[in-house]
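A.B. asks: Following this message is one structure expressed as structure tokens.
The values are calculated or read from the model by the stated rules, or taken from the named source; none is laboratory data. Computed from a predicted model, the values in this text were never measured in an experiment. Cβ placement follows ideal geometry from the backbone for every residue including glycine, while neighbour counts extend to all protein chains displayed.
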Amino acid sequence: MMYWHTEHFHTLLIEDWGDEYTVFQPDSGKTHFFNQISIQILIFLSQHPATIEQICTVLAKQFQQNPDKEFTQNIEKILHHFETLGLVKKRNQGNPHDG
Amino acid sequence: MTAEKPQKTTETSNRESTVSTLETPQHTRRKLLKGAATIPVVMTLYSGAALARTSNITGEAANIDTAVFMDTSNGPQLLCVFPDAAQQQISGDTYDLGAAPQATLIQDPKINPIAASADKKKLEQLDACHAQGGIMISAVAYSSIMDKTGITINSTTL
């Protein structure tokens with residue numbers, strides 16, 4: 001089972017501009033722009049390492065969306081983008097709280 | 001996940017307490033992004049000032065009178081700078097000289113600055129520059145580029 005979790009989330013400086021967010025990442029020295037759903041993904045993963053299915057289920061409920069294939073693909077894309085930026089990592093394991 | 005919203009300016013040490021709030025921020029500013037809110041978006045922002053500091057994008061001098069001529073023992077020589085071949089050049093009348101601009105001084109024809117033929121010979125030096133793939137730049141552009149990265153002049157005629 002593939003679990004996603006945040007990387008150094010506690011170091012991020014987040015500024016709320018009203019459903020839009022800027023996130024300063026000290027590790028890279030970069031500032032990123034997030035919209036509401038993308039910041040919620042990051043916050044959720046900071047609290048709960050989760051599979052993509054779990055992330056989609058929660059987000060679909062929160063944003064009143066149908067968790068269809070397109071929705072899931074969009075979430076998956078952004079997770080890989082987060083991973084490229086060093087904001088999240090994925091772990092392949094049975095228990096997300098191990099190691 | 002709960003319907004939590006990050007609060008304005010969260011701090012590192014108290015992430016849990018400040019990130020979670022049900023308070024809806026007042027937003028009167030114009031949105032940076034328009035479109036579907038259910039498509040996750042992340043974009044890395046870059047400083048325009050930082051880009052300006054590292055770019056050497058310039059246009060060719062408007063005319064020969066504003067071009068840079070270096071005084072040498074062989075008379076004035078046109079500073080002929082070369083667009084960086086490694087850079088994708090911008091269409092139009094602008095050129096990217098790259099991070100380490102290169103130039104040469106045009107020696108021929110030799111210019112006697114007090115002779116009546118000086119203007120004509122300056123134009124001939126410009127033609128020679130163009131023939132080498134170079135451009136003339138203005139004194140203002142020259143100063144700006146010298147302040148940022150300098151220009152390497154491949155010439156021994158100074």
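A.B. asks: Give just the number: which of (1) more than 8 Å from chain B (Cβ to nearest Cβ); (2) among the β-branched types (V, I, T); (3) under 24 Å from A:E20 (Cβ atoms) does A:T57 not satisfy?
C.D. replies: Status for A:T57: all satisfied but (3).
A.B. asks: Still on this structure: Pick from the stretch A:81-99 the residues that are more than 9 Å from chain B (Cβ to nearest Cβ) and surrounded by 12 or more Cβ atoms within 10 Å (Cβ to Cβ): which of them is modelled with the lowest pLDDT?
C.D. replies: As a first pass, look at the stretch A:81-99 and keep what is more than 9 Å from chain B (Cβ to nearest Cβ): A:83-84, A:86, A:88-99.
Then drop every residue that is not surrounded by 12 or more Cβ atoms within 10 Å (Cβ to Cβ), which leaves A:83, A:86, A:88-91, A:93, A:96.
Values: A:E83: 94, A:G86: 93, A:V88: 96, A:K89: 95, A:K90: 92, A:R91: 90, A:Q93: 74, A:P96: 53.
Going through the qualifying residues, I end up with A:P96.
A.B. asks: Further question: Quick one: would you say B:S117 is out of contact with any Leu (no Cβ under 9 Å at 6 or more places or on another chain) and in contact (Cβ under 8 Å) with a residue 60 or more places away in the chain? Steps first, please.
C.D. replies: Details: out of contact with any Leu (no Cβ under 9 Å at 6 or more places or on another chain): yes; in contact (Cβ under 8 Å) with a residue 60 or more places away in the chain: no.
No, not satisfied.
A.B. asks: So which residues in the stretch A:56-84 are touching a strand residue (DSSP E or B) at 6+ places or on another chain (Cβ under 7 Å) and of a type in the set (A, V, I, L, M, F, W, C), if there are any at all? Talk me through it step by step, then tell me what you get.
C.D. replies: Going residue by residue through the stretch A:56-84, those that are touching a strand residue (DSSP E or B) at 6+ places or on another chain (Cβ under 7 Å) are A:78-79, A:81-83.
Scanning the stretch A:56-84 gives A:I78, A:L79, A:F82.
A.B. asks: Quick check on the stretch A:20-43. Is at least one of its residues over 20 Å from B:T38 (Cβ atoms), more than 7 Å from every other protein chain (Cβ to nearest Cβ) and of a type in the set (A, V, I, L, M, F, W, C)?
C.D. replies: Yes, the stretch A:20-43 contains a residue that is over 20 Å from B:T38 (Cβ atoms), more than 7 Å from every other protein chain (Cβ to nearest Cβ) and of a type in the set (A, V, I, L, M, F, W, C).
A.B. asks: What is the residue count in the stretch B:100-135 for residues that are over 16 Å from B:S55 (Cβ atoms) and either over 27 Å from the mean Cα position of the chain (by Cα) or assigned to a loop (DSSP other than H, G, I, E, B) (or both)?
C.D. replies: Qualifying residue count for the region: 19.
A.B. asks: Could you pull out every one of the strands (runs of 3 or more DSSP E) wholly within chain A that has 2 or more residues that are of a type outside the set (G, A, S) and free of Cβ contacts under 8 Å to residues at least 60 places away in the same chain?
C.D. replies: Values: elements: A:2-6, A:13-16, A:20-25, A:30-35, A:88-92.
Answer list for chain A: A:13-16, A:20-25, A:30-35.
A.B. asks: If you take just the strands (runs of 3 or more DSSP E) that sit entirely in the stretch B:59-99, which of them hold at least 1 residues that are at pLDDT 90 or above?
C.D. replies: Values: elements: B:69-72, B:75-82, B:94-96.
Correct list: B:69-72, B:75-82.
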